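Okay, so here's the structure we're looking at.
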Amino acid sequence: MAEKTTALKQAFSEALLTVTNMEELEKIRVEYLGKKGLVTELMQEMKYLSPEEKKVFGQAVNVLKNEVNDAITQKREELKQKEIELENSRMPVFDLSMPPVLDRGSYHPITLVQRQCEEVFRSMGFAIEDYSEIVTDYECFEALNIPKNHPARDMQDTYYLDNGQLLKSHTSAAQNAIYKKYKDALYNEGKPINAIFPGRCFRNEATDACHENTFFQMEGVMVDKNISISNLIFFMKTMLSEVFQKDIKVRLRPGFFPFVEPGFELDISCLICGGEGCPSCKHSGWLELCPCGMIHPEVLKAGGIDPEEYTGFAFGLGLTRLAMMKYGVKDIRDLNSGSLKSLAQFTDDK
Ligand code: DAH
C-alpha cells in the first residue's frame, strides 16, 4: 500500500510542474482531492485492510492529502503573483514631464446651476447654509406642520434608517434648524433671517426620464417684520432672470403645502417657445418651476419665532429641474449616471 501513496505523490508532483494557470490548477485539484479524486479513492480502499494496516495506511494517506493540499495552495500563490507581475508589466509608463493630454473633466450641470443661484442670492444678502442629508422625522415633517398620518407624507416616502431617522425628502427639512440658528439675531439685533440651503434629497420613487430617487433642491427663506408676497415675487423673479440671463416672466398659481399659507406654484414663461406654447410646456406657454408661499404660523412657532410679530416666505427650487432646463437635459437619469462623456456635453465650463 505504501507504494501506492508514493506513486500517487510522484504522479501529482509531475502533473503540478506542468500547470501554468489557475484553470489547470483547479483541474488537478479536482482530479486529486475532489469527491471522486485519486486521493479520496485511496481512502476508500482502507475498508479492505486489517485494523493495523488501516492505521498505518490511513496516516500515510492523510499525510499525502495534506501535502497535495499545501502544494496546491503554494502553486496558487505563485500563479497569483505571476498574474500581478504580468499586469504590472503591462501598465503604461508615465512620463511626468509630458503636457496633459487627458481632459480634466467638467463641473456637473447641477453644481454649475447651484453656484449661479448661490451667487445671485449671496449678492442679495442671503446666507448659504449646508444641512445634513440624514434628518429626524420632526425636522422633515412634524416641524413643517405635517403630523403623523398626514396625507402629504404619501408623496414624500423616503428611505428610513433603523434608528428612525430618514434621508431628507426635501430641503424644507432644514427650515426648523435655520430658524433656531438665526432667531436670536432676529430678536436682539433686528437682523432678518435670509438664507438659502441647497441639498441632495431622496424619495422612494420608481425612476424614469422625469423621476429620480436622488435629486437636488434649493430651499430659501426670508423672515422679518412685514414680509409679504410681493417680496417673494421680487426675489424669485430677480434670481431667475439672473440665472437665465434674460427677463423671465413669472406667474403664481395657488398650490397646497402644509408648511405655507397661502402656498403657490410659481411658473415661468416657457424658455423654449417664449410662451407661445410647445410640447415642452404641454402647449400652455408656462413651466412649473418653484413651489413657494408665506411660512405657516405653526412652522414659525416650531422654530421659536412669534408669527404675530414676524412673517416670512419660503421657496423650494428644484435645482435638478433647473439644470435640466438650462442645459437641455432630456433624461434626469443622465445626471446621476456618472458618465463623464454624457455629462460633459451639457456644458463646456471647466
Ligand atoms: N418642500 C416641497 C417639496 O419638495 C417644496 C416646497 C413647497 C418648498 C413650498 C417650500 C414651499 O419652501 O414654500 O415638495
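The values are calculated or read from the model by the stated rules, or taken from the named source; none is laboratory data. Everything numeric in this text was worked out from a predicted model, so none of it was measured. In this analysis, Cβ positions are derived from the backbone assuming ideal geometry, glycine residues included, and neighbour counts consider all displayed protein chains.
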Boolean, Glu308 is within 16 Å of the ligand (Cβ to nearest atom), of a type in the set (Asp, Glu), surrounded by fewer than 16 Cβ atoms within 10 Å (Cβ to Cβ) and free of Cβ contacts under 8 Å to residues at least 60 places away in the same chain: no
Scanning segment 207-224 residue by residue, those over 27 Å from Glu309 (Cα atoms), in a strand (DSSP E or B) and modelled with pLDDT of 90 or more turn out to be Thr214, Phe215, Phe216, Gln217
Report the residue count in segment 16-30 for those that are surrounded by 15 or more Cβ atoms within 10 Å (Cβ to Cβ) and either under 16 Å from Lys65 (Cβ atoms) or not assigned by TED's automatic domain parsing to the domain that holds Ile84 (or both). 3
Going by the conditions given, is Gly285 on the phi > 0 side of the Ramachandran plot, out of contact with any Lys or Arg (no Cβ under 9 Å at 6 or more places or on another chain), more than 11 Å from the ligand (Cβ to nearest atom) and not charged (D, E, K, R)? yes
Within the set of pairs 6 or more residues apart or between chains, which connect a residue that is surrounded by 20 or more Cβ atoms within 10 Å (Cβ to Cβ) inside segment 196-211 to a residue that is acidic (Asp, Glu) and modelled with pLDDT under 90 with Cβ atoms less than 6 Å apart? none
Looking at Ile110, is it buried (at least 18 other Cβ atoms within 10 Å of the Cβ), of a type in the set (A, V, I, L, M, F, W, C) and assigned to a helix (DSSP H, G or I)? yes
Can you tell me which condition Ile193 does not meet? The list is (1) within 11 Å of the ligand (Cβ to nearest atom); (2) under 19 Å from Val260 (Cβ atoms); (3) in contact with a strand residue (DSSP E or B) (Cβ under 8 Å, 6 or more places away or on another chain), and all the others hold. (1)
Just for segment 212-221: of the residues that are within 20 Å of Phe315 (Cα to Cα) and surrounded by fewer than 23 Cβ atoms within 10 Å (Cβ to Cβ), which one is nearest to the ligand (Cβ to nearest atom)? Phe215
Taking Pro147 and the conditions (1) within 13 Å of Phe259 (Cβ to Cβ); (2) under 18 Å from the mean Cα position of the chain (by Cα), which numbered condition does it fall short on, given that it satisfies the others? (2)
Out of (1) more than 16 Å from the ligand (Cβ to nearest atom); (2) in a loop (DSSP other than H, G, I, E, B), what's the single condition that is false for Ile227? (1)
Qualifying positions in segment 32-42 - surrounded by 15 or more Cβ atoms within 10 Å (Cβ to Cβ) and part of a helix (DSSP H, G or I): Tyr32, Leu33, Leu38, Val39, Leu42
When residues of segment 124-165 are filtered for being without any contact (Cβ under 8 Å) to a residue 60 or more places away in the chain, crowded, with 17+ Cβ neighbours inside 10 Å, touching a Lys or Arg at 6+ places or on another chain (Cβ under 8 Å) and not charged (D, E, K, R), how many remain? 5
Return yes or no: is Gly316 small (Gly, Ala, Ser), crowded, with 21+ Cβ neighbours inside 10 Å and closer than 13 Å to Tyr179 by Cβ? no
In segment 129-156, what residues are away from the ligand (no atom under 16 Å from the Cβ) and within 14 Å of Ala195 (Cβ to Cβ)? Asp130
For Arg76, are the conditions met, namely being surrounded by 12 or more Cβ atoms within 10 Å (Cβ to Cβ) and under 35 Å from the mean Cα position of the chain (by Cα)? no
Any chance segment 109-124 includes a residue that's farther than 26 Å from Val243 by Cβ, under 35 Å from the mean Cα position of the chain (by Cα) and either modelled with pLDDT of 90 or more or of a type outside the set (A, V, I, L, M, F, W, C) (or both)? no
